[in-house]
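So the structure is just underneath, and the comments pick up after that.
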Amino acid sequence: MLLGRKSQNYDKVATGESLREFLTGDGLVGAIGETWRRQRRLLAPFFTPKAVRSYADVMIRDGAQLCERWDGLARSGVEVDIGEEMSSVTATIILQAMFAAEMDESVRDVKDAIETMIQYSMLASFMPPLWVPIKANREYVAARKLALGVIDKVIATRQQRPSDTWPDDLLTRLMRARDEQSGEAMSAKLLRDESITAFMAGHETTARTIDVSLVRARDPSEVARQLHDELDSVLKRSDPAVRRSERSCPMRCKS
């Protein structure tokens with residue numbers, strides 16, 4: 001609430017410059033001023049507990065598929081890189097939540113491209129100008145061209161179809177959103193910026209959080225014991241589900 005009422009005290013002009021320029025554009029994370037306020041109003045309904053439940057089926061299905069894959073690898077004695085596994089599954093989930101009907105190979109390529117953009121944006125302040133043909137710059141430019149091109153194509157293709165045929169995914173919700181004050185829809189550029197922002201927020205941070213949790217779960221310590229006790233008492237090895245509550249919507253999965 002404080003950030004909303006006194007946003008002028010928490011300016012992102014300097015701290016968010018690299019993020020805006022090299023990754024999110026005017027997406028909510030990097031937006032400032034009136035653009036931020038407008039986008040916050042538009043996006044808030046899509047991330048309430050009730051709204052998030054609509055993405056649960058994708059999460060549950062892909063989580064179950066990951067468990068089946070790991071069971072097979074475990075029987076074969078194959079080691080897996082938890083960080084890579086979490087990065088892959090969270091990326092797949094967020095892409096399907098955003099672009100349900102367009103999950104072909106070109107959309108899957110967006111994952112690697114945006115990951116390259118994320119890494120570059122973190123180091124951009126230490127990089128020479130983009131016109132300097134070093135490897136990092138060339139890789140970033142190629143990744144940005146691919147990601148923006150694919151997303152722009154998905155948006156344009158969907159806009160050409162009757163709106164009543166659009167799938168119920170995050171992109172459709174963004175396209176149908178109208179500002180309550182002006183009645184305006186998001187521009188194609190804002191749709192693209194918010195798509196990239198959603199991917200960043202739903203992929204990178206989630207993957208790292210689960211990664212750390214799984215590492216701690218293997219630690220022979222009191223923290224690990226508490227984690228396993230909670231899993232056993234709450235989940236009871238039940239199938240994944242979503243608690244039907246307006247106040248919370250925790251995931252449940254097998255321990």
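The values are calculated or read from the model by the stated rules, or taken from the named source; none is laboratory data. Not measured: the values here are computed from a predicted model. In this analysis, Cβ positions are derived from the backbone assuming ideal geometry, glycine residues included, and neighbour counts consider all displayed protein chains.
Just name the residue that is surrounded by the fewest Cβ atoms within 10 Å (Cβ to Cβ) out of those in region 172-187 that are among the hydrophobic types (A, V, I, L, M, F, W, C) and part of a loop (DSSP other than H, G, I, E, B). In this case the residue turns out to be Ala185.
Residue by residue, here is whether (1) closer than 27 Å to Ser88 by Cα; (2) modelled with pLDDT of 85 or more holds:
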| position | (1), (2) |
| --- | --- |
| Ser182 | no, no |
| Lys189 | yes, yes |
| Ala198 | yes, yes |
| His203 | yes, no |
| Ser213 | yes, no |
| Ala217 | yes, no |
| Val223 | yes, no |
| Gln226 | no, no |
| Arg237 | yes, no |
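Sub-7 Å Cβ pairs linking a first residue in region 42-55 that is at negative phi to a second residue that is of a type in the set (Gly, Ala, Ser) and part of a helix (DSSP H, G or I), at least 6 apart or interchain, are Pro45/Ala51; Tyr55/Ala97, ordered by first then second residue. If you take the residues of region 96-114 that are surrounded by 20 or more Cβ atoms within 10 Å (Cβ to Cβ) and within 12 Å of Val154 (Cα to Cα), which of them is modelled with the lowest pLDDT? In this case the residue turns out to be Glu102. Taken together, the residues in region 146-171 that are assigned to a helix (DSSP H, G or I) and among the charged types (D, E, K, R) amount to 4.
Kindly indicate whether any position in region 111-122 is closer than 20 Å to Ala207 by Cα and touching a Lys or Arg at 6+ places or on another chain (Cβ under 7 Å). Yes: one or more hits. Candidates are the residues of region 123-132 that are more than 18 Å from Gly149 (Cβ to Cβ) and free of Cβ contacts under 8 Å to residues at least 60 places away in the same chain; the one that is surrounded by the most Cβ atoms within 10 Å (Cβ to Cβ) is Met127. In the set Ala91, Ala51, only one residue is touching a Pro at 6+ places or on another chain (Cβ under 8 Å), surrounded by 14 or more Cβ atoms within 10 Å (Cβ to Cβ), not in a loop (DSSP other than H, G, I, E, B) and not basic (Lys, Arg); that residue is Ala51.
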